[in-house]
Amino acid sequence: MDRELPEGLFGAGVVGAPMAGGPSRPPLAEAVSASGGLGFLAGGYKAPDALAREVDELSATGLAFGVNLFVPADEPVDREAVLAYRERLRPLAERLGVELPEPRWADDDAYPAKLAHLLERRPAVVSFTFALPPAGDVASLRRAGVFVLQTVTSPDEARAAEELGVDGVVAQHAAAGGHFGAFLPAPAFAGPLPELVAAVRAAVGIPVLAAGGIGTAEAARAVRAAGAGAVQLGTAFLRTPEAGTNPVQRAALADPSFERTAQTRAFSGKTARGLENSFMREYADAPAGYPTVHYLTAPLRAAAVAAGDAQGTNLWAGTAWKEAREEPAADVVARFAV
Ligand SMILES: Cc1cc2nc3c(=O)[nH]c(=O)nc-3n(C[C@H](O)[C@H](O)[C@H](O)COP(=O)(O)O)c2cc1C
């Protein structure tokens with residue numbers, strides 16, 4: 001028999017997705033958890049000590065919450081293609097008056113330190129994305145009483161995660177805002193999210209959460225009917241006052257001149273979905289090369305945000321972004337609750 005999500009932890013069946021790069025911060029996670037959902041902190045891009053401070057701050061509330069980590073994937077990077085991309089970005093950097101950093105080829109070497117902090121602090125849930133973590137890390141977290149989730153984008157990835165020993169999977173559809181967590185080389189799942197959920201559910205015996213493009217209670221009902229134990233929403237929380245979304249992205253999400261979202265590698269070298277802007281159009285053929293490209297474009301994006309220019313920075317958003325409202329996080333939880 002399929003195992004279900006632990007009673008209570010995912011009570012209202014709503015998870016506030018981890019959103020690295022600003023939006024996820026303790027007040028958002030606290031508001032989600034305090035209103036019957038499960039709030040998340042995002043460990044990606046964050047220094048280990050800064051993450052530990054956020055975990056301690058949230059732990060002091062006594063609420064259950066989750067913490068997400070990017071797993072270094074060590075994918076081969078085409079250095080020549082990345083260096084050529086750097087040259088293409090140079091005129092833009094000069095226009096903005098910023099210096100392009102030297103390429104940084106190594107991935108997030110802070111992963112072990114972040115994991116050590118989490119093993120010590122034992123948040124209720126830890127989720128992984130971008131790659132599978134070492135099996136020993138999953139086992140240590142579970143021994144410490146942590147519920148471990150892995151983001152997957154296909155039935156094959158779900159099976160690999162189950163074999164690794166995680167407690168549940170987050171089935172993420174390509175409609176999702178932010179980075180796409182695929183870790184096996186295969187085209188993205190072709191059908192809609194409820195079909196992905198049903199296919200993942202059929203492939204594994206562990207609980208399945210659903211993420212990607214869920215913008216209405218009706219969409220949440222459809223994925224629950226397909227077997228999802230909870231919905232993980234990112235974009236729906238981006239305009240809440242508790243989120244740390246930067247003002248440029250906040251304004252863009254409400255700006256009707258943005259007509260569509262698209263997937264791009266232009267900002268980070270890894271496929272991610274955001275509101276389509278001129279940076280994405282200009283550099284549509286950017287090479288793969290995460291996180292090197294992420295670090296390369298970081299000063300360009302920071303300059304665009306400082307100048308209030310929504311055309312020059314990443315505006316991560318899922319396909320249902322038009323449904324995201326300016327409302328308290330508790331109201332989002334209530335709208336999507338079981
Ligand atoms: C701004 C933003 C940042 C994100 N950062 C992360 C992250 O750090 N870790 C992660 O596992 N997923 C991240 N995601 C993806 C979410 O976990 C989730 O899959 C996605 O938001 C669901 O799709 P939706 O945005 O359409 O609701 C991010 C999404 C957004 C919109």
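The values are calculated or read from the model by the stated rules, or taken from the named source; none is laboratory data. Just so we're clear, the structure is a prediction, and the values are computed from it rather than from any experiment. For neighbour counting, all protein chains shown are included, and Cβ atoms are generated from backbone atoms with ideal geometry for every residue, glycine included.
Answer yes or no as to whether Thr264 is within 15 Å of the ligand (Cβ to nearest atom) and outside the structural domain of Gly21 (by TED's automatic domain parsing).
yes
Could you tell me whether Gly318 is farther than 25 Å from Pro192 by Cα and either assigned by TED's automatic domain parsing to the domain that holds Arg221 or in a loop (DSSP other than H, G, I, E, B) (or both)?
Considered against the rule, which asks whether it is farther than 25 Å from Pro192 by Cα and either assigned by TED's automatic domain parsing to the domain that holds Arg221 or in a loop (DSSP other than H, G, I, E, B) (or both), Gly318 comes out as no.
Testing Arg273 on (1) in contact with a Gly (Cβ under 6 Å, 6 or more places away or on another chain); (2) within 29 Å of Leu38 (Cα to Cα); (3) not in a strand (DSSP E or B), one condition comes back false. Which one is that?
(3)
Restricting attention to region 142-164, which residues are closer than 14 Å to Val208 by Cα, in contact with a helix residue (DSSP H, G or I) (Cβ under 7 Å, 6 or more places away or on another chain) and surrounded by fewer than 21 Cβ atoms within 10 Å (Cβ to Cβ)?
Pro155, Arg159, listed by residue number.
Evaluate the following for Val152: is it under 20 Å from Gly39 (Cβ atoms) and either touching a Phe, Trp or Tyr at 6+ places or on another chain (Cβ under 8 Å) or of a type outside the set (D, E, K, R) (or both)?
Here the answer is no, as Val152 does not meet what is asked.
Quick check on region 246-272: of everything there that is more than 16 Å from Arg301 (Cβ to Cβ) and under 19 Å from the mean Cα position of the chain (by Cα), which residue is surrounded by the most Cβ atoms within 10 Å (Cβ to Cβ)?
Thr261
What pairs come up if the first residue lies in region 53-66 and is over 23 Å from Ala12 (Cα atoms), the second is surrounded by 15 or more Cβ atoms within 10 Å (Cβ to Cβ), and their beta carbons are under 6 Å apart, counting only those six or more places apart or on different chains?
What qualifies is Glu54/Pro26; Glu54/Leu41; Glu57/Pro26.
Give, as residue ranges, the strands (runs of 3 or more DSSP E) completely inside region 138-252 that count at least 1 residues that are outside the structural domain of Pro23 (by TED's automatic domain parsing), within 10 Å of the ligand (Cβ to nearest atom) and of a type in the set (Asp, Glu).
Of the strands (runs of 3 or more DSSP E) lying wholly inside region 138-252, none has at least 1 residues that are outside the structural domain of Pro23 (by TED's automatic domain parsing), within 10 Å of the ligand (Cβ to nearest atom) and of a type in the set (Asp, Glu).
Hey, can you tell me all the residues within region 40-77 that are over 19 Å from the mean Cα position of the chain (by Cα) and closer than 11 Å to Pro26 by Cβ?
Arg53, Asp56, Glu57, Leu58, Ser59, Ala60, Thr61, Leu63 - these are the residues of region 40-77 that are over 19 Å from the mean Cα position of the chain (by Cα) and closer than 11 Å to Pro26 by Cβ.
I'm trying to understand the selection: among the residues of region 144-156, which are closer than 25 Å to Gly269 by Cα, in contact with a strand residue (DSSP E or B) (Cβ under 8 Å, 6 or more places away or on another chain) and not polar (S, T, N, Q)?
Within region 144-156, Leu149, Val152 meet the criteria.
Take the residues in region 112-137 that are closer than 24 Å to Tyr295 by Cβ and within 13 Å of the ligand (Cβ to nearest atom); name whichever of them is surrounded by the fewest Cβ atoms within 10 Å (Cβ to Cβ).
Across region 112-137, the extreme among qualifying residues is Ala131.
For region 278-298, what are the residues that are assigned to a loop (DSSP other than H, G, I, E, B) and either more than 16 Å from the ligand (Cβ to nearest atom) or in contact with a helix residue (DSSP H, G or I) (Cβ under 8 Å, 6 or more places away or on another chain) (or both)?
Result: Tyr283, Ala284, Asp285, Ala286, Pro287, Ala288, Gly289.
List, please: which pairs have Cβ atoms under 7 Å, are six or more places apart or on different chains, and start with a residue in region 4-25 that is in the same structural domain as Glu57 (by TED's automatic domain parsing) and surrounded by fewer than 17 Cβ atoms within 10 Å (Cβ to Cβ) and end with one that is aliphatic (A, V, I, L, M) and in a loop (DSSP other than H, G, I, E, B)?
Cβ pairs passing all conditions: Leu9/Ala64; Leu9/Ala124.
Being outside the structural domain of Arg86 (by TED's automatic domain parsing) and aromatic (Phe, Trp, Tyr), is that true of even one residue in region 292-309?
Scanning region 292-309, I find no residue that is outside the structural domain of Arg86 (by TED's automatic domain parsing) and aromatic (Phe, Trp, Tyr), so the answer is no.
Need pairs with beta-carbon distance below 6 Å; first residue within 21 Å of His294 (Cα to Cα) and outside the structural domain of His294 (by TED's automatic domain parsing) and within region 33-49, second modelled with pLDDT under 95 and more than 13 Å from the ligand (Cβ to nearest atom); sequence gap 6+ or separate chains.
Pro48/Ala110
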